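> This is the structure, below, for whatever I ask next.
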Amino acid sequence: MLPSFLAESGFDPYGARIARQSVADHYAARGLATDPDEILITIGAQHAITLVTRTLLSRGDRAIIESPSYPHAVEAIRDAGARLVTVPVTAEEGWDESALEQAFQRTSPVLAYLMPDNHNPTGASMPADQRERVIRLAAEQGTTLVIDETIGGLELDGQDRPAPFAALGRAVMLGSFGKSVWGGLRIGWIRADRELIQRIARQRSTIDLGTPLLEQLILVELLGDFDRILADRRDYLRASRDHLVQLLAERMPEWHVPHVAGGITTWVNLGLPISSQLALAARSEGLVIAAGSRFGVEGLFERFIRIPFTYPPDVLDRGVDALANAWRSVTRSPMPVVDRDYAQIA
């Protein structure tokens with residue numbers, strides 16, 4: 001397929017037509033009719049988030065974001081000059097309904113960035129009735145919903161994958177292969193109305209000239225067999241999740257490890273506000289892991305740590321060994337800490 005494109009420039013701010021058509025067909029198969037002109041191909045999900053936030057936000061605008069959330073999304077929204085409005089999400093209870101409603105009604109945000117499918121890092125998924133309320137609240141306030149589906153399709157307990165959020169009402173959809181296939185495959189997409197896609201493409205010219213063509217052709221091939229790829233990925237992640245949970249129960253029974261019904265990580269409550277100390281001690285054991293505060297807006301979540309289960313059993317074994325050694329180290333003589341986790345309730 002590649003030789004037929006070699007006579008062309010090789011870059012396009014919207015993406016190759018064949019790639020945009022494949023993504024459009026993918027949404028249509030999930031119940032959301034989509035035209036290729038409503039798709040822009042990006043260099044991964046982070047690129048998509050940056051393009052959308054730079055296009056939609058101005059300095060001083062308010063933007064809703066979950067707490068905890070994907071750190072690079074927080075950075076992108078801040079870099080666009082917006083003021084963050086946080087909505088708590090927990091592994092056990094999901095999205096705080098009251099806080100969500102107040103965030104929309106009291107602040108009239110320009111944008112709301114949400115990850116309703118297998119949320120990163122908690123693994124929570126938003127129920128159908130709450131999705132409908134979010135669509136209604138956003139419409140009432142004129143808020144643009146930006147829905148990150150990068151971990152969509154990784155439901156691990158046999159539950160059906162929800163229809164795209166935009167099937168319920170107006171929403172910008174972001175997707176990529178970084179979590180569902182491989183992090184080294186830097187390709188993603190934005191689905192939005194034509195006018196916004198055109199605005200994003202104009203904004204893109206200040207950042208880059210287009211997505212590499214070879215990756216776009218790989219996208220076309222993968223989407224043609226995506227259901228099977230996701231099924232295999234779910235099987236792998238389910239086994240890894242169960243293995244990790246068993247290891248943590250054996251080695252650190254004092255930790256609270258919630259059941260994760262989807263996604264790629266577990267959001268573990270340590271019981272003590274020493275996540276940063278634990279992450280630092282883990283480095284001395286040869287393990288690089290992000291402290292819970294990395295996922296908070298103002299350094300919250302020192303009682304939590306995000307542990308991915310994307311690795312094979314032998315790697316998980318070594319990782320948990322390192323965590324256990326680090327835990328013993330920091331709990332023998334923990335340094336004085338300030339517990340700010342509960343500030344998230346304010």
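> Report for the chain the percent antiparallel among DSSP-assigned beta bridges with both residues inside it, nearest 5. Intermediate values should be presented prior to the final figure.
On the way: 18 of 34 bridges.
About 55 percent, rounded to the nearest 5.
> So what are the ³J(HN,Hα) numbers for region 297-314, from phi and the Karplus equation (6.51, -1.76, 1.60; θ = phi - 60°), rounded to whole Hz, Gly and Pro as x?
Rounded to whole hertz, the list is 6, 10, x, 6, 6, 5, 8, 10, 9, 8, 10, x, 10, 8, 10, x, x, 5.
> Same structure, new question: Can you list the HN-Hα couplings for region 145-155, worked out from phi with the Karplus curve (6.51, -1.76, 1.60; θ = phi - 60°), rounded to whole Hz and with x for Gly and Pro?
7, 10, 9, 8, 9, 5, 10, x, x, 9, 6
> Taking every alpha carbon pair in region 6-127, what does the distance histogram look like in 5 angstrom bins from 0, in percent?
Histogram of Cα-Cα distances, whole percents per bin: 2, 10, 16, 16, 17, 17, 12, 5, 2, 1, 1, 0.
> Have a look at Ile289, Ile64, Ile190 and tell me which one the Gaussian network model of the chain (Cα, springs below 10 Å) gives the largest fluctuation.
The residue with the greatest mean-square fluctuation here is Ile289.
> Taking each pair of different alpha-carbon atoms in region 2-224 once, compute 1/r for the pair, average those values, and report the inverse of that mean as the Kirkwood hydrodynamic radius in Å to one decimal.
17.7 Å
> Still on this model: Which parts of region 70-85 would a label at Ser108 reach, counting a residue when its backbone N lies under 16 Å from a point 7 Å out along Cα-to-Cβ?
Backbone N within reach: 83.
> Can you quote the Å³ per residue value for the convex hull of the Cα atoms in region 196-318, rounded to an integer? Each step should come with its number before you reach the end.
Details: hull volume 23.4 nm³, N = 123.
Hull volume over Cα atoms, normalised by residue count, gives 191 Å³.
> May I pose another question? How high is the relative contact order of the chain, given as a whole-number percent (alpha carbon pairs under 8 Å, six or more residues apart)?
On the way: 647 pairs, mean separation 65.8, N = 346.
Over the chain, the number comes to 19 percent.
> Between the alpha-carbon centers of region 8-52 and region 232-286, tell me the distance in whole angstrom.
So the separation of the two Cα centres works out to 34 Å.
> Give the peptides 262-269, 321-328, 307-314 in descending order of average Cβ contacts within 10 Å, highest first.
On the way: 262-269: 23.9, 321-328: 18.4, 307-314: 15.9.
Per-residue mean Cβ counts within 10 Å order the peptides as 262-269, 321-328, 307-314.
> Right, something else. Taking the mean number of other Cβ atoms within 10 Å as a proxy for protection, how do you rank 150-158, 124-132 from highest to lowest?
Working: 150-158: 20.2, 124-132: 16.8.
Output ranking for 150-158, 124-132: 150-158, 124-132.
We did not get these values from a lab; they are worked out from the coordinates using the rules stated. Computed from a predicted model, the values in this text were never measured in an experiment. As a convention, Cβ positions derive from the backbone with ideal geometry for all residues, glycine included, and neighbour counts pool all protein chains shown.
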